[in-house]
Amino acid sequence: HMDSVVRMVEALESTEPELSVPELARALGGCSTPGCQAVLGEPPAIPPAPPALTPEQWQLLGHLLHPDPLAPERGAVLAPDGSTVALGPLLAGIEVGLKQARGWSGPATGPPLDPLYAVTISEALGTSFLLARGGHSHRATLGPAGCWDNVEDPQNYTLLGPPSPVPDAVANGAMDGVLLGAQVAQEPIPLANLLRGYYGTGNGTEKGRPPSSYRRRDFGVLTGPGKLEKEVVAMLRVLQELPPTQELLENMGPEELVAIAGQAARDFTEVYVECPAIVPRCMWGARPYRGTPKLLTLPLGSVFIHHTFIPSTPCRTFAACARAMRDMQRFHQDTRGWDDIGYSFVVGSDGYLYQGRGWHWVGAHTKGYNSRGYGVGYVGDFSATLPDPDAIALVRDRFLPCAVRTGRLHHNYTLRGHRQMGRTDCPGNSLFQEIETWHGFE
């Protein structure tokens with residue numbers, strides 16, 4: 001849990017104020033790649049176990065920061081918003097920000113680069129696309145997501161597909177490292193306070209959505225079009241000069257580097273900035289599907305908007321939304337006798353979509369039309385009130401355009417409320433009036 005990390009950081013900061021926790025992270029292996037070391041230098045020697053930490057905490061910290069190229073998901077921790085974050089790029093970005101706050105202008109590398117992006121995302125991204133291009137095309141370039149064995153007591157994180165150098169946890173850690181590094185460069189604050197404020201640890205996020213749930217939006221605003229491509233090109237040029245990576249990049253001309261960086265930046269932006277995060281079934285605790293699911297034929301031509309009615313209250317935290325998903329699945333399977341939760345996707349008011357039957361399987365949401373469109377249900381009763389503006393925008397401005405761009409939904413799709421397809425008040429008067437204004441409504 002991120003709570004455990006914050007407690008360790010707080011113990012170190014309160015008893016050893018001279019110790020830099022990001023530098024300690026680097027000593028333990030948190031910045032072990034050639035590009036990261038070209039920017040931040042050789043790691044310091046591993047110090048003796050600090051008395052502020054128990055032997056178990058010291059062992060855990062070492063485990064979380066020790067790199068393993070065959071298991072890039074190691075070093076992952078579960079944040080209160082339900083997202084998973086790799087500590088290496090997170091703490092490297094914060095170290096760069098703290099150095100910049102003290103007037104550091106970065107390393108004297110040949111091609112100039114932005115050190116904040118270099119230690120967080122541009123090296124991992126460039127390397128991932130290089131490997132895919134260089135005859136390793138069986139490798140995924142981005143992703144996958146993963147799941148914890150137990151969200152209450154997370155011990156093991158398992159990827160849901162073949163690994164790339166940028167699984168979701170690394171992408172999240174990198175975006176957070178950029179955002180928090182930029183923040184501390186402007187206004188240095190103790191690391192424990194920084195992490196607690198950003199992830200909402202220790203308050204269970206009841207105070208509203210923590211900033212971490214806005215990472216995709218905020219990273220997109222900060223990074224802007226063209227910035228990521230420029231930084232990946234700069235990092236690839238640096239890697240061309242470094243002995244460990246020269247061979248991977250030999251005989252590559254400037255045009256080829258620009259092409260790789262452009263593809264990497266476009267794909268990363270589509271997957272992690274323009275498309276919304278979707279919480280996989282294993283994270284909300286789904287039961288297995290009963291029977292054999294039927295495949296949809298993509299792209300689909302329709303989207304049907306629902307509200308859950310019960311639960312009637314919007315869910316505003318990962319814990320509450322995951323509980324709502326389990327309750328709905330139990331009702332749909334045990335009371336209705338369906339094979340699974342009926343919706344394709346469910347919309348929380350915590351900033352996340354939740355996978356029901358997902359992109360590929362026929363749902364049970366809109367009788368007579370289940371194989372023709374996706375059923376998207378908002379958690380809550382929206383007869384008299386509207387979902388939060390954020391939750392409206394999540395579907396209207398992000399999910400639907402993403403579904404079109406990724407080939408899952410026709411560009412000329414039609415959007416309807418459930419009530420138009422059968423005898424029901426769903427999705428409630430207020431939400432229905434809202435979706436009448438959306439693109440594709442018919």
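Set the Förster distance to 45 Å, then compute FRET efficiency between residue 156 and residue 362 from the Cβ-Cβ distance, nearest 0.05. Given R0 = 45 Å and the Cβ-Cβ separation, E is 0.90. For the chain, averaging the sequence separation of C-alpha pairs within contact (under 8 Å, six or more residues apart) and dividing by the residue count gives a relative contact order of 14 percent.
Here is the list for the range 199-262: GluC sites (Glu not before Pro) lying in DSSP coil, each with at most 16 other C-beta atoms within 10 angstrom of its C-beta, are 206, 250.
Each residue of the range 3-13 is assigned a 3J(HN,Hα), and the resulting list reads 4, 5, 5, 4, 4, 5, 4, 5, 4, 5, 5 Hz, derived from the Karplus form 6.51 cos²θ - 1.76 cosθ + 1.60 (θ = phi - 60°), x at Gly and Pro. Here's how it looks for residue 146: its modeled amide H is under 5 Å from those of 160, which are all 5 or more places away or on a different chain. Our note on the geometry: Cα centres of the range 5-61 and the range 346-404, 42 Å apart.
Antiparallel versus total DSSP beta bridges in the chain: what percent is that, nearest 5?
Antiparallel bridges make up about 35 percent of those DSSP assigns within the chain.
Here residue 63 and residue 386 are evaluated by their C-beta separation; at R0 = 60 Å the FRET efficiency comes out at 0.85. Taking a ≥ b ≥ c as the square roots of the eigenvalues of the alpha-carbon gyration tensor, the range 1-75 is classed oblate because a/c is 1.5 or more while a/b is no larger than b/c.
If you look at the Cα atoms of the range 326-442, you get an Rg and a Dmax of 13.6, 37 Å. Computing mean projected area of the Cα convex hull in nm² directly from the structure and comparing it against (i) 24.7; (ii) 21.9; (iii) 29.8 singles out (ii). Annotation note: trypsin sites (Lys or Arg not before Pro) in the range 236-304 located in DSSP loop regions with a Cβ neighbour count of at most 14 within 10 Å are 290, 294. DSSP beta bridges confined to the range 282-436 are antiparallel in about 20 percent of cases.
Counting only helical runs of four or more DSSP H residues, what would the 222 nm mean residue ellipticity of the chain come to if each run contributes -39,500 (n - 2.57) and the total is spread over all its residues? Walk me through the numbers on the way to the answer.
Details: 17 runs with 175 residues, N = 442.
After summing the helix terms and dividing by the residues of the chain, the value is -11500 deg cm²/dmol.
What FRET efficiency would be calculated for the residue pair residue 16, residue 331, taking the C-beta separation as r and a Förster radius of 45 Å, to the nearest 0.05? After rounding to 0.05, the efficiency reads 0.30. For a 4.7 Å threshold on C-beta separation, the list of partnerless cysteines in the chain reads 426.
Coupling constants for the range 433-442 follow from the phi torsions by the Karplus curve (6.51 cos²θ - 1.76 cosθ + 1.60, θ = phi - 60°), and in residue order they are 4, 5, 6, 4, 8, 7, 4, x, 4, 9 Hz; glycine and proline get x. Full extension of the chain between residue 131 and residue 412 yields a length gain of 97.5 nm, computed as 0.36 nm times the residue separation minus the alpha carbon distance. Here residue 294 is the anchor, and the aspartates and glutamates within straight C-alpha reach of less than 18 Å, apart from those fewer than 8 places off in the same chain, are 339, 340.
With a ≥ b ≥ c taken as the square roots of the eigenvalues of the C-alpha gyration tensor of the range 378-424, please select rounded if a/c is under 1.5 and otherwise prolate if a/b is larger than b/c or oblate if it is not?
Values: a/c = 3.27, a/b = 1.35, b/c = 2.43.
Oblate, because a/c is 1.5 or more while a/b does not exceed b/c.
Estimated at 0.36 nm per residue, the fully extended path between residue 270 and residue 102 surpasses their Cα-Cα distance by 57.0 nm. What residues from the range 2-30 fall in the zone where the backbone N is under 15 Å from a label point 7 Å along the Cα-to-C-beta line of residue 46? It comes to 24-30, nothing else.
Oblate is the label for the range 101-202, because the ratio a/c of its alpha-carbon gyration tensor axes (a ≥ b ≥ c) is 1.5 or higher and a/b is not greater than b/c.
Rule-based calculations on the coordinates, nothing more; no lab input. None of these values were measured; they are calculated from a predicted model. With ideal geometry, Cβ positions are generated from the backbone for all residues, glycine too; neighbour counts draw on all protein chains shown.
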